[in-house]
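Before any comments, here is the structure.
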Amino acid sequence: MSSIASQVILHPVTSQSLKVLSTTIGRDKLYRAIQYFARFFAWSLLARGYKIQAARWDALKSHLALGRKLLRLGKFLENAQAALRAISAPGETGERITAIGRQLGYFGYLSLDNIGWAHSIKFYNLAPSTAQKINKRAMQFWFTGIVFSIVHGLLKAGRLANEVKQLQGQAWSEKSAEVEREHKLRSLQTAREDVRYQFILDLLDVWIPATNIGLVNLNDGILGIFGFVTSLMALRQQWLAAAGRK
């Protein structure tokens, strides 16, 4: 029995899981996945008339959302740094502008999110109307950041596709040059896969703030599924990073 327990506890998958969950981002993505699953499941139970059970899952969703706000305290500074780096970074003008817009959108969202957290734990009391305005403004910044990210992905995907076509259309006489070209093509293909992955993630996530600010009217079931899927996608990225494959 002890041998089986040792194999489970010391298994590489267990070690890698602990490595992912030892990071703030890893824990946040796991909590987010549970939060959005709870949002979907509470909606599903309520739709079938199970009010008591739905209230339990709704409470889990709310407490995880509040806990995740604590994990994000001060994170807006990372976006501020990223925006400043993007200003001076080389590259296509359109990609740089959208990268800056994305980081500024997330900066505004997370800054206001911190204020909302302080109000929610009654550390700093705001008038109900003011708290509502801050929450809506935070959602608007989040929506703006994702839209910039989507546009950035489209621009970058187009540039990478053109670079791949140019490399594939070139004739290489020397073997060393051919090897170099294959290496560049693999790098470009990897970059394109990363862009596509983030693009899909953004296309699903954008509906959450869009609903919160009233642009669309999707129910909690759909938003819960979208949030759950994107959380697992982001958690997968952390898993691969912990494995040293990204």
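Bear in mind these aren't lab numbers, they're just calculated from the coordinates by the rules spelled out. On a predicted model such as this, the values are computed, not experimentally measured, just so you know. Note that we place each Cβ from the backbone using ideal geometry, even for glycine, and neighbour counts take in every protein chain shown.
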Margin query: Under the √(5λ) rule applied to the eigenvalues of the Cα gyration tensor, what semi-axes describe the equivalent ellipsoid of segment 6-142? Give them in Å, descending.
Written below: 31, 26, 15
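For a 32 Å ceiling on Cα separation, which of these pairs sit above it: Lys136/Lys165; Lys19/Lys122; Lys75/Lys156?
As for pairs spanning more than 32 Å Cα to Cα, those are Lys136/Lys165; Lys19/Lys122.
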Note to self: Can I get the semi-axes of segment 127-230's equivalent ellipsoid? Compute them from the C-alpha gyration tensor as square roots of 5 times the eigenvalues, in angstrom, largest first.
What the structure shows: 43, 13, 9
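Could you compute how fast the chain diffuses translationally, taking Rh as the Kirkwood radius over C-alpha pairs and applying Stokes-Einstein at 20 °C with viscosity 1.002 mPa s? Give it in µm² per second.
Values: Rh = 20.7 Å.
It diffuses with D of about 103 µm²/s by this estimate.
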Check: Got a sec? How would Val20, Val13, Val216 order by Cβ neighbour count within 10 Å, fewest to most?
Finding: Val13, Val216, Val20
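Name the longest site-free stretch of the chain, where the excluded sites are GluC sites (Glu not before Pro) in a DSSP loop with no more than 16 other beta-carbon atoms within 10 Å. Present the calculation step by step, with values, prior to reporting the outcome.
Details: sites that count: Glu92, Glu174.
The segment 1-91 is the longest one with no such site.
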Check: Could you name the aspartates and glutamates in cross-link range of Lys133, using Cα to Cα under 18 Å and dropping any fewer than eight places away on the same chain?
Finding: Asp113
Notebook entry, point to check: Can you pull the three principal axis extents for the Cα set of segment 16-73, in Å, largest first?
Noted result: 40, 25, 12
Check: What relative contact order, as a whole-number percentage, does segment 1-88 give when Cα pairs under 8 Å and 6 or more residues apart are counted?
Finding: 23
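Which order do His119, His152, His63, His183 fall in if you start with the one that has the fewest other Cβ atoms within 10 Å? List each step's numbers first, then the result.
Numbers: His119 18, His152 24, His63 13, His183 10.
Fewest-to-most Cβ neighbours within 10 Å comes out as His183, His63, His119, His152.
How do Ser149, Ser88 rank when sorted from fewest to most other Cβ atoms within 10 Å of their own Cβ? The partial results should precede the final answer.
Details: Ser149 24, Ser88 7.
With the fewest neighbours first, Ser149, Ser88 line up as Ser88, Ser149.
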Check: In degrees from 0 to 90, rounded to the nearest 10, what is the angle of the helix 12-21 Cα long axis to the longest principal axis of the chain?
Finding: 70
